[in-house]
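J.: My questions will all concern the structure given below.
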Amino acid sequence: MPHSQLTISDLARTVEQIHFARSHHISTDNVEFEDLKRVLLQRAPFHPLALNLRAFDALPETALPAPSKRFSGIARAFMDGRYTDALSEAQGVVSQDMTDDEQARLYTTIGDLESLLGSIESAEDCFRKALLILGPLPPLHARLGRCAFLRGDADTARSRAIRALVENPIYGTAMVLYLEACRSRSIQLLPIPVQAGLVRTQSGWVATPDLSPKAVRAWEAWLNARASCTLEEFPPERTPTLALIQAWRSGTNDDLSYTDTPNPELDALERMERDGILDGYLWFAGLDSSNANQWRAWKQEHPRTMERFWSEGLILP
């Protein structure tokens, strides 16, 4: 089937299956993986599975170690849906000559299968053993958070998800857990990424016609600032976003600025800027492999900003 005819869900599932097989040293007949991956990232860059690909491409140090070839049989059983067989094989692996990475990956694999089969406490024990070896990697925080969520502890699940997202703000698995934990606690969140109030026309980008006058002015300010930016900046799109927020804030008594139609997205961006956490959002929206080094440096200089962004920035009043 042509790529264009695949739904986003089917495309993401296909890419995930091929990626899983290849990462576990299992050959596949599909020679179009790179094309499928490219199409997925173009069509749905913020789909959770696309985010996972982007997350570890940008920040590979936050990923689990690559699976060992000795685990290929376990992966094959998993792909065939033989979860009990996969678990038995994993538990039977002799670990005496394993490296630390292989041992941690084995614990994680057993934990994944235990969780899948409903043994949450056993899964948590495995993930904690892996964490002792590897340190607090985002995939381990996300797995421990998922276990907490399955036990009904949404607060711990949310906390674990935030800890994962602080280290890698575009990790899709952690974001899904974060959203589910917040929803279970009736916490209303701003949908992200914020949808730009722009449409493409024959003459270029213009503000969406159904926006209020104040919002139109704000997005026009964003366009003008972006067009005048000649230097790459970090976090990405900071200058146009600040211009957008300033235009949204501004107004006089003789126009519609003080009585304009509410816009939750622009209100939220304005609030983030006022609270000093806008950069956290901009890194979520713009982090990729090309600016990963700048992200690492920024994170060292602003150790609490991402935590505050995920803890406070998206909650709607």
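The values are calculated or read from the model by the stated rules, or taken from the named source; none is laboratory data. Computed from a prediction, not measured in an experiment: that's the story for all the values here. Because the Cβ atoms are built from the backbone with ideal geometry, glycine has one as well, and the counts that use them run over all protein chains shown.
J.: Quickly run through the stretch 286-297 and pick out the residues that are touching a residue at least 12 places away in the same chain (Cβ under 8 Å) and either in contact with a helix residue (DSSP H, G or I) (Cβ under 7 Å, 6 or more places away or on another chain) or not in a helix (DSSP H, G or I) (or both).
T.: Selection gives LEU287, ASP288, SER289, ASN291, ALA292, TRP295.
J.: Quick one: is ALA75 out of contact with any His (no Cβ under 8 Å at 6 or more places or on another chain), among the small types (Gly, Ala, Ser) and not in a loop (DSSP other than H, G, I, E, B)?
T.: Taking the combined requirement at face value, the residue does not satisfy it.
J.: With buried (at least 16 other Cβ atoms within 10 Å of the Cβ) and touching a residue at least 60 places away in the same chain (Cβ under 8 Å) as the only criterion, which of ALA50, ALA12 stands out?
T.: Result of the check over ALA50, ALA12: ALA50.
J.: Looking only at the stretch 231-242, decide whether some residue is at negative phi, over 28 Å from the mean Cα position of the chain (by Cα) and buried (at least 17 other Cβ atoms within 10 Å of the Cβ).
T.: The answer is no; no qualifying residue exists.
J.: Oh, and also: Out of all the residues in the stretch 88-105, is one or more closer than 22 Å to GLN17 by Cβ, in a helix (DSSP H, G or I) and under 27 Å from the mean Cα position of the chain (by Cα)?
T.: There is at least one residue in the stretch 88-105 that is closer than 22 Å to GLN17 by Cβ, in a helix (DSSP H, G or I) and under 27 Å from the mean Cα position of the chain (by Cα).
J.: A follow-up question, please. Checking the structure you have, find out if any residue of the stretch 67-78 is surrounded by fewer than 19 Cβ atoms within 10 Å (Cβ to Cβ) and either touching a residue at least 60 places away in the same chain (Cβ under 8 Å) or within 16 Å of the chain's Cα centre (by Cα) (or both).
T.: no
J.: Specify the residue that is farthest from GLY172 (Cα to Cα); the eligible residues are those in the stretch 284-310 that are surrounded by fewer than 17 Cβ atoms within 10 Å (Cβ to Cβ) and among the polar types (S, T, N, Q).
T.: GLN300
J.: Still on this structure: Name every residue in the stretch 79-102 that is in contact (Cβ under 8 Å) with a residue 24 or more places away in the chain and of a type in the set (Gly, Ala, Ser), in order of residue number.
T.: ALA86
J.: On to the next question. I want to confirm something. Restricting to the stretch 240-285 and keeping residues that are outside any helix (DSSP H, G or I) and of a type in the set (D, E, K, R), which single residue is modelled with the highest pLDDT?
T.: Ranking the candidates gives ASP275 first.
J.: Condition first: among the β-branched types (Val, Ile, Thr) and over 15 Å from VAL15 (Cα atoms). Now tell me which residues in the stretch 25-79 satisfy that.
T.: The answer is THR62, ILE74.
J.: Within the stretch 187-216, count every residue that is among the hydrophobic types (A, V, I, L, M, F, W, C), over 27 Å from the mean Cα position of the chain (by Cα) and not in a loop (DSSP other than H, G, I, E, B).
T.: Residues in the stretch 187-216 being among the hydrophobic types (A, V, I, L, M, F, W, C), over 27 Å from the mean Cα position of the chain (by Cα) and not in a loop (DSSP other than H, G, I, E, B): 5 in total.
J.: So in the stretch 124-172, with the set limited to residues that are hydrophobic (A, V, I, L, M, F, W, C) and not in a helix (DSSP H, G or I), which one is farthest from GLU102 (Cα to Cα)?
T.: It comes out as ILE170.
J.: Determine, yes or no, whether ILE110 is closer than 29 Å to THR28 by Cα, modelled with pLDDT of 95 or more and buried (at least 17 other Cβ atoms within 10 Å of the Cβ).
T.: Taking the combined requirement at face value, the residue satisfies it.
J.: Does the stretch 194-221 hold any residues that are over 12 Å from THR261 (Cβ atoms) and among the acidic types (Asp, Glu), and which are they?
T.: Residue satisfying the conditions is GLU220 alone.
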